[in-house]
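Working notes, structure below.
The values are calculated or read from the model by the stated rules, or taken from the named source; none is laboratory data. As the structure is a computational prediction, the values presented were derived from the model and not from experiment. Ideal geometry is used to build each Cβ from the backbone, glycine not excepted, and the neighbour counts take in all protein chains shown.
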Amino acid sequence: MNTIELCAQLQTMHPPLFVCSPAPKEGIRVRTPFMYPDGGIIDVFVIERETHVEVTDFGEAIGWLRMQSFSGQLSPKQRRFIEDICLTLGVELFRGQLIQKTDQAHTAEAVFRVAQAALRVADLWFTLRSRPVETIAKEVSDWLTERHIPFDRSVQFTGRSGQIWTIDYQTRVADRTSLVFLLATGSRAVARRITDRVVAGCYDLNHLKIVHPHLQFVSLFDDRTDVWEEENFRQVQELSIIARWSRPDEVEQILRAAA
């Protein structure tokens, strides 16, 4: 099966919501209409084996859920939920990957099932969110209100790649608009993943600065936890302004800076 054949099969079932393209290494990448809670698009991959067709997410859904965890690990409760999801949808869980084996005639159905499983796994984030991250987000919201800095929470923008990014805060002071990424976690492993995501977001959204010259990106680190390394700060400082939550006066200066 090639890319054109798979896309035609998918569009017969669900036109025209799926986009197919050759995968970087092997098989076909299918961009689905489903999204992770942070706006990232759910992709699944179709690989032809000798005796069957294999549809997999290559572990992206469970990897995404781990990244949202305070500890960087899945809880026993999360694992039970994931097992139930796989059982309900007839999807296999193997080494962190969501997989369904099928034949060419039923490939489109398998793509849809694996995509649904990835979506439901990601949705566990809404019921099992990390309380510490919620706490710091509320602190920042309360602080912005106290300082009379107008803001919106969880604002979405579309990047050059077509991916939709959810920004933690958008503030407006005089002629300065700031898109603020909140970097907060208690895990060094998660800290690296969060940093990578902010770098990718700033790069993908950089075109907004051309349209809005008074726009700035701000990376707000909750540096009260000893999880951030100098490498994390260096990664984001080329694309955004670094702000440290332990220095609220400096944060205010950055947000109020004249354009």
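Taking the criterion of being more than 23 Å from LEU65 (Cα to Cα) and either over 24 Å from the mean Cα position of the chain (by Cα) or of a type in the set (Val, Ile, Thr) (or both), would at least one residue in segment 178-192 satisfy it? No, every residue in segment 178-192 fails to be more than 23 Å from LEU65 (Cα to Cα) and either over 24 Å from the mean Cα position of the chain (by Cα) or of a type in the set (Val, Ile, Thr) (or both). For segment 193-231, give me the residue count where each residue is among the β-branched types (Val, Ile, Thr), under 27 Å from ALA174 (Cβ atoms) and in contact with a helix residue (DSSP H, G or I) (Cβ under 7 Å, 6 or more places away or on another chain). Summing the residues that are among the β-branched types (Val, Ile, Thr), under 27 Å from ALA174 (Cβ atoms) and in contact with a helix residue (DSSP H, G or I) (Cβ under 7 Å, 6 or more places away or on another chain) in segment 193-231 gives 2. The strands (runs of 3 or more DSSP E) found entirely in segment 72-175 that carry 1 or more residues being more than 22 Å from PHE217 (Cα to Cα) and of a type in the set (Asp, Glu) are 92-94. Would you confirm whether any residue within segment 222-235 is in contact (Cβ under 8 Å) with a residue 12 or more places away in the chain, in a helix (DSSP H, G or I) and hydroxyl-bearing (Ser, Thr, Tyr)? No, segment 222-235 has no match at all. Screening LYS138 on (1) of a type in the set (Lys, Arg); (2) under 21 Å from TRP64 (Cβ atoms); (3) modelled with pLDDT under 90 shows it passes everything except condition (2). Under the condition of being under 16 Å from LEU65 (Cα atoms) and of a type outside the set (D, E, K, R), the residues counted in segment 95-113 number 3.
Condition check for TYR36 on (1) farther than 23 Å from THR166 by Cβ; (2) at pLDDT below 90; (3) of a type in the set (Phe, Trp, Tyr): one failure, at (1). So, of the residues in segment 80-120 that are surrounded by fewer than 13 Cβ atoms within 10 Å (Cβ to Cβ) and of a type in the set (D, E, K, R), which turns out to be farthest from GLU60 (Cα to Cα)? Step by step, filter segment 80-120, then rank; the result is ASP103.
Using beta carbons and a limit of 7 Å, which pairs, at least six apart or on different chains, have the first residue in segment 137-164 and closer than 30 Å to ARG31 by Cα and the second one in a loop (DSSP other than H, G, I, E, B) and not acidic (Asp, Glu)? Note: pairs meeting the criteria are GLN156/GLY39; PHE157/LEU205; GLY159/LEU205; ARG160/HIS207; GLN163/GLY39; GLN163/GLY40; ILE164/GLY39.
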